[in-house]
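To keep things clear, I will list the structure first and then write my remarks on it.
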Amino acid sequence: MWLTASVQIGFVVGAVTSTALNLADRFPPQYLLAASAFGAASCTAALAAVAGGLAAAIPLRFLTGVLLAGVYPVGMKLMASWSPSSDRGRAFGVLIGALTLGSALPHLISGLGPLPWRAVMATAAILGLAGALVAALVLVPGPHLDTRPVTPHPRYAIAMFRDRGPRLANIGYFGHMWELYALWT
């Protein structure tokens, strides 16, 4: 349970921190996504290489969740940059489907034969590193990316908890992520 919950809690912490620091608007999104994917894959590789119990595994999974907050939402921003507003729903559907398949990839790897869990995690980490490399070298923002400079305002982070609309949207989003990870577990 804690291996799954630590990823979920990490994702929430990462998403709130990323929003508070306005990371997706302060850095080129393709490089933020690549760095986050590299970090998450590195945590997975470390889990496969050195984790011998929950004391090491839970912090690594938590950090993986924090870093995944730089992959999923930033990927949505990049997808939106390539889609006119009339096609964004379909584009997001394709992206979410791809992210779901990527999240299920360790299950596919383990289904290829009787592999030790460390081999499954190491293989998933290698594929994650390959994805990070593709993001860094191939991915570019589309023509619909708003490039106006954005000044971060701490009041936005406060508003997402204080104001009813953003609070409910965030609770729904975080709950949705919780449900997905619980289902996959």
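Read the figures in this text as sums done on the coordinates, not as results from a lab. Predicted, not measured: the structure shown is a model, and the values here were computed from it. Positions of Cβ are generated from backbone atoms using ideal geometry, with glycine treated the same way; all protein chains shown enter the neighbour counts.
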Mean separation of Cα contacts under 8 Å (6+ apart) over length of the chain, as relative contact order %: 33 percent
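Only four residue types carry charge here, +1 at the Cβ of Lys and Arg and -1 at the Cβ of Asp and Glu. Report the dipole size of the chain about the Cα centre in Debye, rounded to the nearest 20.
Result for the chain is approximately 280 debye, rounded to the nearest 20.
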Theoretical gain in end-to-end length, Ala49 to Arg167 [0.36 nm per residue, Cα-Cα removed]: 38.6 nm
Chain lengthening between Leu108 and Phe92 when straightened (0.36 nm per residue, less Cα-Cα): 3.4 nm
For the chain, calculated [θ]222 nm from helices alone, where every DSSP H run of n ≥ 4 adds -39500 (n - 2.57): -26000 deg cm²/dmol
Centroid-to-centroid separation of segment 96-134 and segment 52-71 [C-alpha atoms, Å]: 16 Å
Separation in nanometres of the label points that stand 7 Å from Cα toward Cβ, at Arg148 and Phe174: 3.0 nm
Dipole of the chain [Lys/Arg +1, Asp/Glu -1 at C-beta], most positive-end residue of Ser110, Pro29, Val13: Val13
Choice from Gly14, Gly52, Gly70 showing the highest fluctuation, given a GNM over the chain with Cα pairs closer than 10 Å: Gly52
Net +/- balance of residues flanking Ala125 in space, Cβ distance below 14 Å, scoring K and R +1, D and E -1: +2
Neighbour-limited loop hits for trypsin sites (Lys or Arg not before Pro), segment 100-177 (at most 16 other Cβ within 10 Å; DSSP other than H, G, I, E, B): none
Karplus-derived 3J(HN,Hα), 6.51/-1.76/1.60, for each residue of segment 110-115, Hz, glycine and proline x: 5, x, 6, x, x, 9
On Cα atoms only, tilt of 29-50 relative to the major axis of the chain in degrees: 20 degrees
